[in-house]
Amino acid sequence: MSVELVEVVRSGFRECVHRGSLVVLAPDGTTAVELGEVHTPIYPRSTNKPMQAVALLRSGFVPESAEELAIASASHEGEPAHVALVERLLARSGFDETRLQCPPDLPANEHARAAVVAAGAPPRTVYMNCSGKHAAMLAACAANDWKPDSYLDPTHPLQRAVVDTVTEISGEPETELGIDGCGLPIIPVSLTNLARGFSRLVTAAPGSPERAVADAIRAHPYVISGSGRDDARLMPAVPGLLCKAGADGVHAGALPDGTAFAFKIDDGHERARLPLAAAVLHRLGVSWSEDHAELASQPVLGGGARVGTVRAVPGVF
């Protein structure tokens, strides 16, 4: 059964609460905190992307830079810098955006979206937040002479490599696959094994595909998310932190020593994610600078002024 993890307090009144499940693993892999259903598989959504990127490296994807590897792991906002990285990766592999099989979209970033709408331009596949991963998958297909037009198919050799890699890194037994929002197969993983996977990424040997992905994400938090997004705010605040948000209230991360966490908010509300992640990190001994203290207490507004907070339930762990 899930537990109350995050509360919304307005004018001193507890207005609503977000329930969910959360796990924290110690560096040796033992469980330090266990709240709710942490052993039942969930769809990790985009928190799977770092492990998927490892599979791409193992399958012959050779990024031109750490930024290019980061965009392969990204849930980007469709800002101009993100789009340029995706387009360059596609061109370098001999493709254009017509070969992407993610759905067309408008940029998620409000300023980038407004610029597109004001120009009267249509949605594009490169704006879709998973387009970097799809572009890197096409690059891996090109490196192996695999058919690029069927890379979404669960039986495609690339997708079999992804399943093998994610199950190996996380330790999750393979189960029936689902379909993610971008159209790719998605692998169910428990919160415990999701945290374990992130721990293995940060503690992997330097030069390994696992460590390369972890280092690229940590070096380029804006690339894997976007302006003002959770991961772009958390990683610069905590040196060495690797973290990745996923749709519908999923988040996972790990510190350099292998301490790791993963959680899922039952109702999928994004506002619960940042204050809960910040509270977990504080519980793990991370000390916030004054500039970052607000991460654990997101504002509730009334008439444009702050009248409350979104925060982890006091004493929850």
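The values are calculated or read from the model by the stated rules, or taken from the named source; none is laboratory data. Here the structure is a predicted model, which is why all the values come from computation and not from measurement. All Cβ positions, even for glycine, are placed from backbone atoms using ideal geometry, and neighbour counts span all protein chains on display. Keep in mind that these areas ignore ligands, DNA and RNA; they rest on the heavy atoms of the full protein, side chains included. Shrake-Rupley method; radii C 1.70, N 1.55, O 1.52, S 1.80 Å.
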Next item on the list: Heavy atoms only, probe 1.4 Å: what % of the accessible area of the stretch 81-217 goes to carbon and sulfur, would you let me know?
Entry: 53
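Would you kindly state how much longer the chain becomes between E87 and L301 on full extension, computed as 0.36 nm times their sequence separation minus their alpha carbon distance, in nm to one decimal?
Separation in residues times 0.36 nm, less the Cα-Cα distance, equals 73.2 nm.
In the stretch 10-63, carbon and sulfur make up what percent of the accessible area (probe 1.4 Å)? Before the final figure, lay out the partial values.
Details: 1240 of 2280 Å².
Looking at the stretch 10-63 in its full context, I get 54 percent from C and S.
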Check: In whole percent, what relative contact order does the chain give with Cα contacts below 8 Å and a gap of six or more residues?
Finding: 24
Next item on the list: State, to one decimal in nm, how far the label point of E15 lies from the label point of A293, with both points 7 Å from Cα in the Cβ direction.
Entry: 2.3
Notebook entry, point to check: So what is the accessible area of the stretch 230-314 per residue, in Å², with the probe set to 1.4 Å?
Noted result: 38
Check: Roughly how many whole Å is it from the C-alpha centroid of the stretch 67-82 to that of the stretch 181-232?
Finding: 13
Next item on the list: Any chance you could give the angle, 0 to 90 degrees and rounded to 10, that helix 273-283 forms with the longest Cα principal axis of the chain?
Entry: 70
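Need one number for the stretch 87-210: average projected area of the convex hull over its C-alpha atoms, nm². Please list the in-between numbers first.
On the way: hull surface 37.1 nm².
Mean projected area of the Cα convex hull: 9.3 nm².
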Check: What fraction of the Cα pairs in the stretch 131-277, stated in percent, has a spacing above 18 angstrom?
Finding: 61
Checklist line | Potential lengthening between A114 and D149 on full extension [0.36 nm per residue; Cα-Cα distance subtracted] | finding: 9.4 nm
Item checked: Candidate lysines for bridging to K264, where Cα separation is under 17 Å - those fewer than 8 sequence places away on the same chain excluded -> K49, K244
Next item on the list: Using a cut-off of 11 Å between beta-carbons, work out the net charge of the residues near L274 (Lys and Arg +1, Asp and Glu -1, L274 not included).
Entry: +1
Check: Using the alpha-carbon atoms, what tilt in degrees (0 to 90, nearest 10) does helix 80-92 show relative to the longest principal axis of the chain?
Finding: 30
Next item on the list: Report Rg (one decimal) and Dmax (nearest whole number) for the chain, counting Cα atoms only, units Å.
Entry: 19.1, 61
Check: Roughly what angle does helix 157-170 make with the longest principal axis of the chain, taking Cα atoms, 0 to 90 degrees, to the nearest 10?
Finding: 30
Note to self: What number comes out for accessible area per residue over the stretch 1-140 if the probe is 1.4 Å? Units Å², please.
What the structure shows: 40
